[in-house]
Every structure is written in C-alpha cells, then in structure tokens.
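Every number in this text was worked out from the coordinates using simple rules, so none of it is lab data. Predicted model only: the values in this text are computed from it and were never measured. All Cβ positions, even for glycine, are placed from backbone atoms using ideal geometry, and neighbour counts span all protein chains on display.
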Amino acid sequence: MPMRIAMADLRHDRYAPFDSQTGLFHAFGALRSEADVIAFANRFGPLGADLSTAIVNVVREEPWKTSIEPYWAEPIDLWLAEACAMARVVSLWELIQARDRSVFQVRLTRSAARLRIKTGLTGDRHIAKDWILAKKAEKPDLFRRISEKDEKDWPRLLLEQWVNRGTGGRTDFGLGLSEKSLAAAQTPRGLIGALWQQATLAIDGHVDFLQCRQCRDWFGISAEHARPEKLFCSNACRMRAYRKRKKGRKESALT
Ligand SMILES: [Zn+2]
C-alpha cells in the first residue's frame, strides 16, 4: 500500500499563502523525504487538482462497516515526483539566468534511463550539438524547433516544456467577478496549479530567490529591486534576528 496524505476534512477555507510566501514553489522543489512532504502539507494543505484520489475502504465481509463517502488522499510518491519536476525547473532556470560560460551539467530523467548531459549555454557547443543530433529522433516535437543557428536555445525550450508539463490542465481560464466588475481570470486548480503558476510568473518576471536567514523561507526579489544586502523575507524576521543578536551580545557580556 503506497503512503498517502489524507485530508483532514473537505472544508475549503479561502487562504492566500502566496501573499507572504513569494518563493513557495522554491520550497516545494526542495522536498525530498516523506517527513518533508508531511511538514509542507501540514503547513500549506493538500496539492489538490489531479493529485487527489478518492479512497474507499470496502469491508466485504461486514458491508455495514463500509462507508459510502470516500475520503480524498494524495500519494506521497506523487508529491515527491512533482517536487523533483519543480526542482529541475528551478535549477535549469538558475543555469539559464546565470549565463554561465563554464561547462554545466543538466540531469534529465526519462522514464527508464537517466541521461547526464554536459554542455554549456555558450561554451562547449559541439557537445550540445551532439546531444541534439542524438535526441532529435526521440523528441521530434522539441527539437523540430531548434535550428542549427539557434541551438543555444535548447535549454530554454527544455524549460518551456518542463514548465508547461507542470501547468498543463491545472489552470482554469474564464470570467471572474472581482470587486465590482467582471474580468478575465486565470485560476489555478489546487495548490499544485498555484505553485506552477507562481514558478511561471517568477520566470516571466525574472525574479531571483533568496532564503531568509531567520525563518529559512524562500522569498522573491524582482530584478529591479535586487539589493545584495537583503537577507530577510520581512521586517518581522529582520527584527527577530536583530533581537536574537542583541540578546546574544548581552549574554556574552555577562559571562
Ligand atoms: Zn523570514
């Protein structure tokens, strides 16, 4: 029996974790263990959308014990697979943004084989070319679009493909009534849709991410407001760290 996360109840409380968690998709991509998943789920809720499965426990011998109402659960392995998909997007995006001329490695997991590709965005062109030639036959939809001239675009095409696999089918587009007018609205399905939407918007806006020195949450800083000295996600965390430092100083002064 696979491990699952069960939802405590089906009440849908309206909540907006992204108001304060500007880098939540980053934190999601860092989940690697069952304990990580449970801690994240306890804090932010189930992923929802296509990851929720209805579970019924049928008691065949004592049918009166069978509950007609199913409960909703999410397999932990599906959580981890989604987290890995997000982690690959985050690291590929970081490599693209860094515009690093040195050789880098991109790991691609395919259903059976794990390919380890060594190439550079601008360096080691011949390795990238070899790889493209080798893979053209396998992924015609992706490589059809890479001409000989702009083969350095393949990391971005790959990123496009990875992100769209995450967002696919997890956003509703339609009218939404807000404040006093009807407006076109893109509504993510469940937390998983919202995480992928947040990642997409971060890439679109060239947002950089830092980890808060105090609470360890990830937060975004847009390129134009980027200040290298920014260490904390909020003023509250800055004050907490300041008080901690002050307390530490006082204690060392006493001894
Ligand atoms: Zn913080």
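General remarks:
- Taking Glu82, Glu69 and counting other C-beta atoms within 10 Å, the order from fewest to most: Glu69, Glu82
- Proxy reagent accessibility, fewest Cβ within 10 Å first, across Val59, Val163: Val59, Val163
- FRET efficiency, 1/(1 + (r/R0)^6) with R0 45 Å, evaluated for Ser181 and Ile38 via beta carbons: 0.60
- Ranked Phe18, Phe173, criterion: other C-beta atoms within 10 Å, fewest first: Phe173, Phe18
- Whole-Hz couplings from phi, Karplus 6.51/-1.76/1.60, listed for the range 198-207; x for Gly and Pro: 4, 5, 4, 5, 5, 5, 4, x, 6, 8
- Here Arg216 and Gln97 are evaluated by their C-beta separation; at R0 = 22 Å the FRET efficiency comes out at 0.50.
- Mean Cβ neighbour count within 10 Å, used as a protection proxy, ranking 233-246, 30-43, 193-206 highest first: 193-206, 30-43, 233-246
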